[in-house]
């Protein structure tokens, strides 16, 4: 098995360098099934980054999706199964939307 962490000596201290691919930030898409949502606010309360906001109708929306850390607390605690969190993949073709 290949070791992805490299240990180097700098002035007597050990530093860990991770593989370049593992340092990239992961992004997530959060979607709401608004027909299922009863606007209870649980997803808003559980979001550690506080990126879920409330519309005038009381339904949730994501203000800054790039700040989502993918913890899925909102998805796990939603009593209506109205929240969906998925990994966001980079666009690979010109035709990707």
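The values are calculated or read from the model by the stated rules, or taken from the named source; none is laboratory data. Since the model is a prediction, treat every value here as computed from it, not as a measurement. Please note: Cβ atoms are built from the backbone with ideal geometry, for glycine as well, and neighbour counts cover all protein chains shown.
Is at least one residue of segment 62-74 in a strand (DSSP E or B), under 14 Å from the mean Cα position of the chain (by Cα) and modelled with pLDDT of 95 or more? No - not one qualifying residue is present in segment 62-74. Looking at the structure I just gave you, is residue 49 in a loop (DSSP other than H, G, I, E, B) and modelled with pLDDT of 70 or more? The answer is yes for residue 49.
Filtered by the rule that a residue be assigned to a strand (DSSP E or B) and either at pLDDT 80 or above or loosely packed, with under 10 Cβ neighbours inside 10 Å (or both), segment 8-46 gives 8, 9, 10, 13, 14, 16, 27, 28, 29, 30, 31, 32. Identify the residue in segment 82-97 that is out of contact with any helix residue (DSSP H, G or I) (no Cβ under 7 Å at 6 or more places or on another chain) and either in a strand (DSSP E or B) or surrounded by 11 or more Cβ atoms within 10 Å (Cβ to Cβ) (or both) and, among all such residues, is modelled with the lowest pLDDT. Among them, the one singled out is 88.
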